Each structure stands twice: as structure tokens, then as C-alpha cells.
Amino acid sequence: MMYTPVRISTIRPDGALSFDLYILFKDQYVKYTPKGEMIKNEVHSKLKKQKVAKFFITEEDEVNYQQFLDAVLLETIENPDIAIGEKINVVDDHASHNLTQAYKDPSNPEGFKKTESAAKNLHSLITQNKEAFKEMLTREVHDNELLIHHCLNVSTYATKLAILHECKEEDQVILSLVGLLHDIGHGQLEENHRHLFLKNKSEMSEEEKKSYDLHPEKGVELLSKNPLITKEITDLISIHEDNLEKKGKLTLMEEILSLTNNFDKLVTFRKMSFKEALSLMSRESLGCYNMELFNKFKQLLKLEKLL
Ligand SMILES: [Fe+2]
Ligand SMILES: [Fe+2]
């Protein structure tokens, strides 16, 4: 049987589960709460606090779990009585699970449709709620999901910059989507190179650098097999590690993706503060980004009190 990890924050203590919930104990998957039963409130809050326990569902229950996540999202996102912080947690849980599934099986059209709907949810939340941007970028980091966390961040920054630049709504949503999908190629590298995104490029061997540089192309190769993916999406993904210095000329959407990707790599993978990341980029990346866009980004972070 195949098992998929799930976050304990997604499991509600107030209703019967529509899937079996497993825990990993001494290398064995043990059924913790069977379908149809509830997790007691006090047990749930204890587990949430401890953060040690890892929970799983079986592959067979994936559809049931997805339906459950969709229902929670629907009842949370439109409810005016729910605080923005809670809404962001639910959107993050939902998008992270779907994106993890899409990254595992990139050519599956179902995974793409779910990623597309996650992008639309994120876009409408950022458009409709002025606190959503900051809440999203300061949400909890799950250390075992750093790549997915980074992709959600890039999507958030890129969406906001596209809105500030008054890009067409259609283009804003494309950037929300490309932000989520841009690093899908990492999983296609040789197994020992799949976590190179955690390493600083200056510390990579020549062989590692070569392999790392292939991830945009590998992502495009796979996504192109999916009939729902447009050329606009794959073109953007193929340049996401490039910049003005390398390319000479980039479109506004390409520049937004390149800038936000490179900025968030410093924050999420190298654990820099927003301020440290920004000053490193100002010192070392002169000529890599359009100054007007870079200054607008800086202004945005200042206005949102992230610096
Ligand atoms: Fe990348
Ligand atoms: Fe990236």
C-alpha cells in the first residue's frame, strides 16, 4: 500500500473522518483513527502543538481526503467571520497538498487542474484582501516542504507585482500559476540531485551545477506533454532562473518571475530575512533586474512592513 503524508492542521477535530488516518510508528504505518471516527479535541490540540507525529492517508483514500479539503476551503474562504490568518492557513494547506501531488506526477491533467484552481484561489484572496499578501509571506514554514513553500511564495509575490503593474487579470493569474509550477523540474533530476535547490550555487560542484541548471528545461519537457499547458506557461518556466544580465531582454512577466524567484530562494532556502535578501540583491545583482521593477518590489515590502 502507498501512503501520502498529510498535515495535522488539516484534520478537524469536530467531525467524523472520511478517510483512515495513519501514523508512522517504528517504521510501520499504524491506523490511528479509522474512517467514520473523530479525533478528540484535546488529542488534536496536543498533536498540533507537539509537531512530532507524522500522519498519512492511503493512496485509495486520496479522493476522499481531497473532497474533504475542498469542502473546508469552500466553507472558510467565503466566510466573513473567519480571520484572514485562518483563511491563509486553509489556503496554504489546500494548495500545498495539491501542489505536492502535482509535483509527484507532473503530466497528470488532474494535478494540473487542481494547481490551476489553487492559483485562482490565491489570486482572488490577494486581490480581495489587503492583508493576505503579508499573512501569506509570514505563514508557518514546514521544513520538510520547503520547495512547495517557495513556489507558493513566488506565486504570491508575482501575483502582487502583476497587480501593482496593472497587468491584465488573465496575465496576473498566469503568473500565480507559473509561480506554483516553475520548479516542477527538480523532481526529474537524478535522485541525488533532487535537493540541490537547498544548496547555495557557489557551493555546488561542476557536475551539480550542470544538473541544477537543467531543472527548468526538465520541467518544460514534462509539462509540454500535458495538453492543458500552454506555450506561454512553458516559456515563462524555461527562463525562471535567468535574468536581464544573462538574457539582455525580458518581458515584464519574465522579469517579475525571475526577480521574485531569486529573492525567495534567499529567504526560503538560505533563511535570510527580507531585509538581508534585499540588500544582498541590491549589492550583487546590479544589472540583473530592471531598476524600476526592483524599486517597486522594495517599496512593496516596505509598505507591507516586511522590512
Ligand atoms: Fe528554479
Ligand atoms: Fe524557484
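The values are calculated or read from the model by the stated rules, or taken from the named source; none is laboratory data. It should be emphasised that the depicted structure is a prediction, and the values quoted were computed from it without experimental measurement. Positions of Cβ are backbone-derived with ideal geometry, glycine not excepted, and every protein chain shown enters the neighbour counts.
Taking the condition of being over 8 Å from the mean Cα position of the chain (by Cα) and crowded, with 18+ Cβ neighbours inside 10 Å, how many residues in region 146-162 meet it?
Final tally of qualifying residues: 7.
Under 7 Å by Cβ, and 6 or more places apart or on different chains, what pairs join a residue from region 223-240 that is without any contact (Cβ under 8 Å) to a residue 40 or more places away in the chain with one that is small (G, A, S) and within 16 Å of ligand 1 (Cβ to nearest atom)?
Taking only residues 6 or more apart or on different chains, the pairs are I239/S258.
Could you check, for region 187-202, whether at least one of its residues is closer than 14 Å to L257 by Cβ, in the same structural domain as M272 (by TED's automatic domain parsing) and part of a helix (DSSP H, G or I)?
No, there is no match, as no residue in region 187-202 is closer than 14 Å to L257 by Cβ, in the same structural domain as M272 (by TED's automatic domain parsing) and part of a helix (DSSP H, G or I).
Can L177 be described as aliphatic (A, V, I, L, M) and either at positive phi or surrounded by fewer than 21 Cβ atoms within 10 Å (Cβ to Cβ) (or both)?
Numbers: aliphatic (A, V, I, L, M): yes; either at positive phi or surrounded by fewer than 21 Cβ atoms within 10 Å (Cβ to Cβ) (or both): no.
No.
Return the only residue of S107, S124 being surrounded by fewer than 23 Cβ atoms within 10 Å (Cβ to Cβ), small (G, A, S) and part of a loop (DSSP other than H, G, I, E, B).
S107
Quick test for you: out of D70, D143, pick the one residue that is modelled with pLDDT under 95 and over 14 Å from the mean Cα position of the chain (by Cα).
Criteria check complete, one pass: D70.
Take the conditions within 13 Å of ligand 1 (Cβ to nearest atom), of a type in the set (D, E) and closer than 27 Å to Y289 by Cα and apply them to D242. Does it pass? Full working, then the answer.
Values: within 13 Å of ligand 1 (Cβ to nearest atom): yes; of a type in the set (D, E): yes; closer than 27 Å to Y289 by Cα: yes.
Yes; evaluated as a whole, the condition is true for this residue.
Pick out, from region 206-268, the helices (runs of 4 or more DSSP H) lying fully within it that include 1 or more residues that are within 15 Å of G179 (Cβ to Cβ) and out of contact with any Gly (no Cβ under 9 Å at 6 or more places or on another chain).
Counting at least 1 such residues, we get 231-238, 252-264.
Yes/no matrix, rows are residues, columns are (1) more than 13 Å from R7 (Cα to Cα); (2) exposed (fewer than 12 other Cβ atoms within 10 Å of the Cβ); (3) assigned by TED's automatic domain parsing to the domain that holds L152; (4) touching a residue at least 12 places away in the same chain (Cβ under 8 Å):
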| residue | (1), (2), (3), (4) |
| --- | --- |
| E42 | yes, yes, no, no |
| I57 | no, no, no, yes |
| I88 | yes, no, yes, yes |
| D92 | no, no, yes, yes |
| H97 | no, no, yes, yes |
| A102 | yes, no, yes, yes |
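If the Cβ limit is 8 Å and pairs must be 6+ apart or interchain, which residue in region 192-219 that is among the hydroxyl-bearing types (S, T, Y) pairs with which residue that is within 12 Å of ligand 1 (Cβ to nearest atom) and not in a helix (DSSP H, G or I)?
S211/L189; Y212/L189
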